[in-house]
Amino acid sequence: MNIFDILGPVMVGPSSSHTAGAAKIGYVSRALLGEKPVEAEIFLHGSFALTGKGHGTDRALIAGLLGMKPDDGRIPDSFEAAEEEGLQFTIGTMALKEVHPNSVLLRLKGEKGRALEIVASSLGGGRIRIVQIDGINTDFSGDYPTLIVHNLDQPGYVAEVASMLSHKSVNIATLNLYRNKRGGYAVMVIETDQPVPEEVLKWLAHLEGIIKVTYLQPV
Amino acid sequence: MIFSGYADLIQESREKGEELWHYILLADANEKGISEEESMEMMNHLWEAMKMASDNYDGTRKSASGLSGGNGAKMKAYKEKCISGEFIGEVIAEAISMGESNACMRRIVAAPTAGSCGVLPAVLIPYCRKYQVPDQKVIEALYLTAGMGGVIATRASIAGAEGGCQAEIGSASAMAAAALVYLAGGTLEQTADAAALALKGLLGLVCDPIAGLVEVPCVKRNVIGAVNAITAVDMVMAGVTSFVPVDQVIDAMGEIGRNMLPMYRETGEGGLAATPAARKVKQQDFRKA
């Protein structure tokens, strides 16, 4: 229980789940992409799809993708800002399977060509969960520094990453492993108490068998 | 668990020889690993943001649906003529204005939710203006009431989708009552009693927003939350007590919320949302606008 979840956040209205949470999803998605997004396909699910327009969910998601936080007064004008910043987007609806009523799927492309598909849910009070990355189930909040490593599903990768973090005195808060199939490709999501140094990310990205490294600094 | 009960909070703070607001601050700062100064800075930021949101109200704005806007300005112009007196007139104006700012995508402070963002400022801002309360004192009241909110969230809920409107406007009203007793110089027991009276008055209130939007009846329910808090405080300061202790009132609110049909929990399907007037809004389908 955090008393600033009771009082606060400072946010642009009208809804902590449909507006503030949506802006945070956009913001975290941009951070996960790791570069400026130039294309975004957005699909709203459930209550997001039904009442999103009246709650400014669409504008809040785009605002977040442009790097605006949930208290940014420019959120209502984010569509215009997207045009200025060269972000092309479409917003539709989609019935996603087994997700929270306030969920969204984002397909993003960055200015350097990096692509990412994210499913995220807004849980209320502005809190969010990232529930899928590139088709693999995940479960993290974006409140901690988060390291996401896609690798071949082979022995030793968890040990490599964990020992490197230990060497840099980074404490692991949570660690989750997911894979699409045995011997296929795997994703580890590690939430840490300290920021992960840049050189760790570089070292990881060059390691054989690592497909993709994504790092998120908390909002 | 620190927020397991308000009576426990009072007792523990006394055992530690700390003021309750300070005990809550320290417990939260320890949990987050931040300093007392950093915590105070965050709370100060919230209070400043509340006042700024009040100052930035724009009575010419309309929400995307067209359902909200302009009534705060009407109340501000009328407040001297209010049958309930100018102070309550100011409270009504502040509550509606904040609710409308929220509906019109302006910056507000969720307290405890965006839909109930008007209750606390509608009580605190006019009171502080009238009695020249220093900001430090308000910050203390905000910690105290955040502790009350923490207890409500732990024992019951502060989400309309879980507990109906009683969990949002009801909780905000209880929190505002506790804060106001603190500012008015009441005892900790009186902060508990005022919150109990305020919440009791709103038990059973359902969440039935038209078209699922945080507009009708949410904006004007902020008024009832704020005025209800003030009358609870007046009763308590006159010596009236609550027969049921606040922790038990909160449990009752939780129980009622758990047994509320889903159509009354923020789905936009029951109550006011199911009236012919509400259906007309849906037919217009402003979502395509």
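Check region B:261-270 and report whether any residue there is closer than 24 Å to A:GLY13 by Cβ, surrounded by 19 or more Cβ atoms within 10 Å (Cβ to Cβ) and away from chain A (no Cβ under 14 Å). Checked against the condition, which is being closer than 24 Å to A:GLY13 by Cβ, surrounded by 19 or more Cβ atoms within 10 Å (Cβ to Cβ) and away from chain A (no Cβ under 14 Å), region B:261-270 yields at least one hit. Among the residues of region B:191-202, are any within 25 Å of B:LYS76 (Cα to Cα) and of a type in the set (Val, Ile, Thr)? Checking region B:191-202: not a single residue is within 25 Å of B:LYS76 (Cα to Cα) and of a type in the set (Val, Ile, Thr). Cβ-Cβ distances below 6 Å connect no pair with a first residue in region B:36-62 that is within 12 Å of chain A (Cβ to nearest Cβ) and surrounded by 14 or more Cβ atoms within 10 Å (Cβ to Cβ), a second residue that is in a loop (DSSP other than H, G, I, E, B) and among the basic types (Lys, Arg), and a separation of six or more residues or different chains. Filter region B:84-96 for residues that are over 18 Å from B:PRO209 (Cα atoms) and assigned to a helix (DSSP H, G or I) and give the result. Of everything in region B:84-96, those that are over 18 Å from B:PRO209 (Cα atoms) and assigned to a helix (DSSP H, G or I) turn out to be B:GLU86, B:PHE87, B:ILE88, B:GLY89, B:GLU90, B:VAL91, B:ILE92, B:ALA93, B:GLU94.
Could you tell me which residue of region B:125-164 is farthest from B:ALA93 (Cα to Cα), considering only residues that are part of a loop (DSSP other than H, G, I, E, B) and more than 11 Å from chain A (Cβ to nearest Cβ)? Ranking the candidates gives B:ALA156 first. Among the residues of region A:26-67, those that are away from every other protein chain (no Cβ under 12 Å), part of a loop (DSSP other than H, G, I, E, B) and either touching a helix residue (DSSP H, G or I) at 6+ places or on another chain (Cβ under 7 Å) or among the charged types (D, E, K, R) (or both) comprise A:GLU35, A:LYS36, A:LEU66, A:GLY67. Selection of region B:104-124 for residues being facing chain A (nearest Cβ under 7 Å), crowded, with 24+ Cβ neighbours inside 10 Å and not in a loop (DSSP other than H, G, I, E, B) yields B:ILE108, B:VAL109. Out of curiosity, is A:ASN180 in contact (Cβ under 8 Å) with a residue 40 or more places away in the chain, buried (at least 17 other Cβ atoms within 10 Å of the Cβ) and not assigned by TED's automatic domain parsing to the domain that holds A:VAL28? Against the criterion (in contact (Cβ under 8 Å) with a residue 40 or more places away in the chain, buried (at least 17 other Cβ atoms within 10 Å of the Cβ) and not assigned by TED's automatic domain parsing to the domain that holds A:VAL28), A:ASN180 does not qualify.
Taking (1) within 30 Å of B:ALA211 (Cα to Cα); (2) part of a loop (DSSP other than H, G, I, E, B) in turn, B:SER101 satisfies each apart from (2).
The values are calculated or read from the model by the stated rules, or taken from the named source; none is laboratory data. The model shown is predicted, which means the values in this text are computed figures rather than measured ones. Positions of Cβ are backbone-derived with ideal geometry, glycine not excepted, and every protein chain shown enters the neighbour counts.
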